[in-house]
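> Structure below; questions to follow.
The values are calculated or read from the model by the stated rules, or taken from the named source; none is laboratory data. On a predicted model such as this, the values are computed, not experimentally measured, just so you know. Please note: Cβ atoms are built from the backbone with ideal geometry, for glycine as well, and neighbour counts cover all protein chains shown.
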Amino acid sequence: MKYIVFISSFCLMLVQIVSGRALAPYVGVSVYVWTGVIGTTLLGIVFGYAAGGIMADTNGNKKTLGISLALAGLASLVSYYVLIILGQRMGAGSMPLIARVVVMSFCVFFPTAFFLSTIVPQAVKQSLSSLSKTGGTVGELSAWSAIGNLLGTFAGGYVLIPFIGTKGVMIAIAAVLMLLGLWVARGEKLWRNKFGILAVAFFIGAFILPGGCIMETNYFCIRIASSQNEEGAKTHILRLDHLVHSYVNPANPRDLGYDYEQVYANLIASRFTTSTAFTAYFIGGGGYVLPRYIEAEYPQATSIVAEIDPGVTEANHRYMGLDRQTRIITANEDARMHLMRGGDASYDLVFGDAFNDFSVPYHLTTVEFHKLLKSRMSADGVYALNIIDDARYGEFLAAMVRTLREVWTNVYVAPQADTVQPGRNTIVLIASDRAIDQVAWYGTLSPAAVEKNLADDARQTQIRLINPDRITELLDRKKAPALRDDYVPTDRYLAPVFSDAY
């Protein structure tokens, strides 16, 4: 029985590990999602233990145990179908985000967690030979259960999901549990009925159903769609989990997708000519939109990209037209680790684009990180990053401004509007010890701005640096402190923004 307990506990923890990854393409990755996933799994464990105890006392035999294992396997298999159906219907629905997360977590993963949790009480009952050995029996099976949980955690996160993906893990769990159920209930005609036919049908269907990701990596479900822009040129849309991260026009690098990238382009043009040599560092690669732009428009420049996910880089090469012989240098590792190692020339411009929707890598937001970053930059280097916030809340914006002010003399806010607007907004923060030349800032026309051909007043609004008095007013209203490695409550600051936006 200890091996049955080990396998069922191993699979139970796999379900919990895979559930957050499986839901990410539809509801993202956030504290809300992990709360829903963990809470739902624990709820399944509670009811499963209770039901398993009743089953053990009323009909505790191998057939019941085998059926429980088989039903857990079938639930894992069916959960993939439910995920696809609910994800398409609810992923972009009007239901509040928290409600969507709870409903999807419950419908997709609760049944599997429930049936798997019925196994331990049944195994304990069948392993007891006398009441005098109750403690030893329960202790031994509990230890095997804990070992299964432990190995399931490491195997799921470090091996199985990266190599066979969430779909593969869910199908593998189903196969293992159904075969184990057949073995435990051997001698019973468990599979010669409608259950066996149903299981076979679901297995065949699961292999036929699309996986939903063009690539699934340790970090993202990567999806790429192709479309045409207003001029009829083919563009690629890079989606990381549920977020549209980049719009890429491989034939025209001047065609920048998001407005905040126009702010970045203006920053470059206000500092350098197209024949100037400079070094730009990118925290996050995404669709490599700005590195492609620099490569095309500033041939003397060097671009270095720290992109933690090699799958994102490969997707750019394989599907989005990034030449494998590009002059863009990529380091597939976390930016903070890359900066700590050193080795590159000092950076004249740094662009931060590693914040995936509301999933903020907090270690890239702190005073300590920015001091490290500044130590790798030239004396008059400029750091620009985009964040998300809402004028109705503003805690994250205030915290980031205070954080940057502890490291750089000048901090500017560019919301692509006259002021930070209510609702979910992408806001560019610019930090440097050298003040921005306002004449050059508003008077320079970047190649990207020429391509977009906006009226001058619209372009001026797009690159607007809001009045410093407005920033002071924000900081007076919002007391969020500077972020430090030992205190980074970014999830709390962004929770209301996240909830309203989704």
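> Checking residue 490 against (1) at pLDDT 90 or above; (2) under 25 Å from the mean Cα position of the chain (by Cα); (3) crowded, with 20+ Cβ neighbours inside 10 Å, which single condition isn't satisfied?
(1)
> Just the residues that are modelled with pLDDT of 90 or more, of a type outside the set (Phe, Trp, Tyr) and in a helix (DSSP H, G or I), please, taken from the range 73-118.
Those that are modelled with pLDDT of 90 or more, of a type outside the set (Phe, Trp, Tyr) and in a helix (DSSP H, G or I): 111, 112, 113, 116, 117.
> Answer yes if at least one residue in the range 403-420 is in a loop (DSSP other than H, G, I, E, B), closer than 22 Å to residue 290 by Cβ, without any contact (Cβ under 8 Å) to a residue 12 or more places away in the chain and not hydroxyl-bearing (Ser, Thr, Tyr), and no otherwise. Don't jump to the end; show me each part of the working.
From the range 403-420, those in a loop (DSSP other than H, G, I, E, B) are 406-409, 415-420; that's our starting set.
Then drop every residue that is not closer than 22 Å to residue 290 by Cβ, which leaves 408, 415-417.
With without any contact (Cβ under 8 Å) to a residue 12 or more places away in the chain added as a condition, the list becomes none.
For the range 403-420, residues in a loop (DSSP other than H, G, I, E, B), closer than 22 Å to residue 290 by Cβ, without any contact (Cβ under 8 Å) to a residue 12 or more places away in the chain and not hydroxyl-bearing (Ser, Thr, Tyr): absent.
Every residue, every condition in (1) surrounded by 15 or more Cβ atoms within 10 Å (Cβ to Cβ); (2) assigned to a loop (DSSP other than H, G, I, E, B); (3) at pLDDT below 95, yes or no:
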site: 235; (1), (2), (3): yes, no, yes
site: 246; (1), (2), (3): yes, no, yes
site: 251; (1), (2), (3): no, yes, yes
site: 281; (1), (2), (3): yes, no, no
site: 287; (1), (2), (3): yes, yes, yes
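> Please verify whether the range 13-33 includes one or more residues that are surrounded by fewer than 20 Cβ atoms within 10 Å (Cβ to Cβ), touching a residue at least 40 places away in the same chain (Cβ under 8 Å) and either acidic (Asp, Glu) or in a helix (DSSP H, G or I) (or both).
Looking for residues that are surrounded by fewer than 20 Cβ atoms within 10 Å (Cβ to Cβ), touching a residue at least 40 places away in the same chain (Cβ under 8 Å) and either acidic (Asp, Glu) or in a helix (DSSP H, G or I) (or both), one finds at least one in the range 13-33, hence yes.
> Of the residues that sit in the range 22-54 and are hydrophobic (A, V, I, L, M, F, W, C) and modelled with pLDDT under 85, which one is farthest from residue 89 (Cα to Cα)?
31
> Please state which of the following conditions residue 134 fails to meet, knowing it meets all the rest: (1) farther than 26 Å from residue 214 by Cα; (2) among the polar types (S, T, N, Q); (3) in contact (Cβ under 8 Å) with a residue 24 or more places away in the chain.
It fails just one condition, (3).
> So which helices (runs of 4 or more DSSP H) stay within the range 422-493 end to end and still have 3 or more residues that are without any contact (Cβ under 8 Å) to a residue 12 or more places away in the chain and under 16 Å from residue 398 (Cβ atoms)? Steps first, please.
On the way: elements: 438-443, 447-452, 456-462, 468-477.
Where helices (runs of 4 or more DSSP H) fall fully within the range 422-493 and carry at least 3 residues being without any contact (Cβ under 8 Å) to a residue 12 or more places away in the chain and under 16 Å from residue 398 (Cβ atoms), they are 468-477.
> Next question. Would it be correct to say that residue 153 is at pLDDT below 85 and assigned to a helix (DSSP H, G or I)? Before the answer, list the steps.
Numbers: at pLDDT below 85: no; assigned to a helix (DSSP H, G or I): yes.
So residue 153 does not fit the description; no.
> If I ask for residues that are of a type in the set (A, V, I, L, M, F, W, C) and within 17 Å of residue 218 (Cβ to Cβ), which ones from the range 14-32 would you list?
Passing the criteria: 14, 17, 18, 22, 23, 24, 29.
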